[in-house]
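Input: a single structure, listed below in structure tokens.
The values are calculated or read from the model by the stated rules, or taken from the named source; none is laboratory data. Note that this is a predicted model, so its numbers are computed, not measured. Backbone-built Cβ (ideal geometry, glycine too); neighbour counts: all protein chains shown. Accessible surface is based on the protein model in full, side chains and every heavy atom, while ligands, DNA and RNA are left aside. Shrake-Rupley method; radii C 1.70, N 1.55, O 1.52, S 1.80 Å.
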Amino acid sequence: MIIVMSARATPEDVRHVVGRIEELGLKAHLSKGVERTIIGVIGDERLLKKEQFSLLPLVEDVIPILKPYKLASREFKRENTVVDVAGVKIGDGRLTVIAGPCSVESEEQILTTARIVRNAGADLLRGGAYKPRTSPYAFQGLGEEGLRLLALAREETGLGIVTEVMESSEVDLVARYADLLQVGARNMHNTKLLRALSGVGKPVLLKRNFSATLNEFLMSAEYLLSGGNTGVVLCERGIRTFVEYTRNTLDLNLVPAVKLLSHLPIIVDPSHGTGRHDLVLPMSRAAVAAGADGLMIEVHPHPADAFSDGEQSLTPDMFAQLMHEVKAVERAITAPAGA
Ligand code: PEP
Ligand code: MN
């Protein structure tokens, strides 16, 4: 439930309410708005009784959150959350572009790609060192060596690093190198990994599982938030449907739906969402027009030679064109009326 404090409440009044919540064995999550403080109360639902709190001094209202996700809900926090990733602010109203290869393959490949995407205007560099592959015979990633190469690319280009972590036992290792830790679609339901990431002290990019409902997606975010990690960025990357001409069906409905129901930023990955390099640019434009806070795009200097996902990777020229066009869409949708 949510406790709305009066605009006249002092920090002492808020502390008093929090003390009462903790006495009852419940957890308090503070959200300080411009006008007033809102306290999210989380815990055993049998202990959540409105009257326990509504009579406390300077409590203005006590509202039950009916959705199964609480801290992720717009009811809990009205203002949009902005996630700071190495100085890049995701969700601040400006489009964030994360770009790079599917997998880190070599020093030369990652450094070349990092320079290309930075020069075209990308904000962050992506690259997988630990790869969740469908086939056990496919390239599984360079592991820690890949992380080291990503750190080298950051040093050289100044771009923050986004990379996937697959195992809870590897969270500390990946967190030493990454600025934004990616949870892949296959691991969205891995609650042990989510719990390990909730205390990691770095933001998390949570990709939607290909069969997850919006409720399930936000419940996974809730695991991160309830464990104390407020830096959660959602990512729509396509779902499994009956169509076979694309790898997945990019569910752009999800973008405005998340904006209604949650305060968390959401980005779109049209590379995995389509699986086809020739569809990535138009679907990127559509994602920005739908209100996405950012894009994640696979780029490779020579897609034909890529160790993974070459068929959906953009060439440097295609990526430069994409940046040009998505910026134009961004300007068009943020222009004041009549401009
Ligand atoms: C990726 O981003 O490289 C990736 C494996 O994505 P997903 O988990 O969405 O398949
Ligand atoms: Mn990929």
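Any idea what the dipole of region 1-111 comes to, in debye rounded to 20, about its Cα centre with Lys/Arg Cβ at +1 and Asp/Glu Cβ at -1?
520
Averaged over every viewing direction, what's the projected area of the C-alpha convex hull for the chain? Give it in nm², one decimal, please.
18.9
For region 1-32, which GluC sites (Glu not before Pro) pass both filters: DSSP loop (anything but H, G, I, E, B) and at most 14 other C-beta atoms within 10 Å?
For GluC sites (Glu not before Pro) across region 1-32 that sit outside H, G, I, E and B with at most 14 neighbouring Cβ atoms in 10 Å, the list is empty.
Just to be sure I follow: if Rg is taken over the C-alpha atoms of region 238-339 and Rh is the Kirkwood radius over the same atoms, what is Rg/Rh? Mind dumping the intermediate values first?
Details: Rg = 14.4 Å, Rh = 14.4 Å.
Here the Rg-to-Rh quotient is 1.00.
Among the listed pairs Lys131/Lys207; Lys77/Lys202; Lys67/Lys207; Lys27/Lys77; Lys89/Lys202; Lys89/Lys327, which are separated by more than 19 Å between their Cα atoms?
Those over the limit are Lys77/Lys202; Lys67/Lys207.
If you average the C-alpha positions of region 221-253 and of region 1-43 separately, how far apart do those two centres end up, in angstrom?
31
Looking only at chymotrypsin sites (Phe, Trp or Tyr not before Pro) in DSSP loops with at most 12 other Cβ atoms within 10 Å, what is the longest site-free stretch of the chain?
Of all site-free stretches, the longest is 1-136.
Looking at the chain as a GNM with Cα springs under 10 Å, which of Leu260, Leu314, Leu181 has the largest mean-square fluctuation?
Ranking Leu260, Leu314, Leu181 by mean-square fluctuation puts Leu260 first.
Please give me, ordered by residue number, the GluC sites (Glu not before Pro) of region 93-196 that lie in loop per DSSP and have at most 15 other Cβ atoms within 10 Å.
In loop regions of region 93-196 (DSSP not H, G, I, E or B), the sparsely surrounded GluC sites (Glu not before Pro) are Glu167.
Tally the DSSP beta bridges in region 83-334 and give the antiparallel ones as a percent, rounded to 5.
15
Indicate the gyration tensor shape class of region 86-138 (rounded, prolate or oblate), computed on the Cα atoms with a ≥ b ≥ c the square roots of the eigenvalues: a/c under 1.5 is rounded; otherwise a/b larger than b/c is prolate and the rest oblate.
Oblate shape, in that a/c is at least 1.5 and b/c is the bigger or equal ratio.
Rounded, prolate or oblate: pick one for region 81-224, where a ≥ b ≥ c are the square roots of the eigenvalues of its C-alpha gyration tensor, a/c under 1.5 means rounded, and failing that, prolate if a/b is larger than b/c, else oblate.
Working: a/c = 1.69, a/b = 1.22, b/c = 1.38.
Judged from the Cα gyration tensor, region 81-224 comes out oblate (a/c at least 1.5, b/c at or above a/b).
Have a look at Met323, His302, Gly273 and report the one farthest towards the positive end of the charge dipole of region 249-335, computed about the Cα centre with Cβ charges (Lys/Arg +1, Asp/Glu -1).
Towards the positive end, the residue furthest out is Met323.
Quick one: accessible area per residue over the chain, 1.4 Å probe, rounded to a whole number of Å²?
It amounts to 44 Å² per residue over the chain.
I'd like the accessible area for Lys207, computed on protein heavy atoms only with a 1.4 Å probe and all protein chains in place. Round to 10 Å², please.
Lys207 has an accessible surface of roughly 10 Å² with all protein chains in place.
What is the dipole size for the chain, taken about its Cα centre, with +1 at each Lys and Arg Cβ and -1 at each Asp and Glu Cβ, in debye to the nearest 20?
Charge dipole, the chain, about its Cα centre: 820 debye, nearest 20.
At 222 nm, what value in deg cm²/dmol follows for the chain if DSSP H runs of at least 4 each add -39500 (n - 2.57) and the sum is divided by all its residues, to the nearest 500?
Calculated from helices alone, the mean residue ellipticity at 222 nm is -10500 deg cm²/dmol.
Within the accessible area of the chain, what % is carbon and sulfur when the probe is 1.4 Å and the other protein chains stay in place? Display every interim value, and only then the final one.
Details: 7940 of 14930 Å².
Carbon-and-sulfur percentage of accessible area, whole number: 53.
By how many nm would the segment from Asp44 to Thr334 grow when fully extended, if each residue of separation counts as 0.36 nm and the alpha-carbon distance is taken off?
My answer for the length gained is 100.1 nm.
Give the ranking of Leu55, Leu150 by solvent-accessible surface, highest area first, calculated with a 1.4 Å probe.
Output order, biggest surface exposure first: Leu55, Leu150.
Pick out, in residue order, every one of the trypsin sites (Lys or Arg not before Pro) in region 217-256 that is DSSP loop and has at most 13 other C-beta atoms within 10 Å; say none if there are none.
Numbers: sites: Arg237, Arg240, Arg247; in loops: Arg237, Arg240, Arg247.
Passing both the DSSP loop test and the Cβ count: Arg240.
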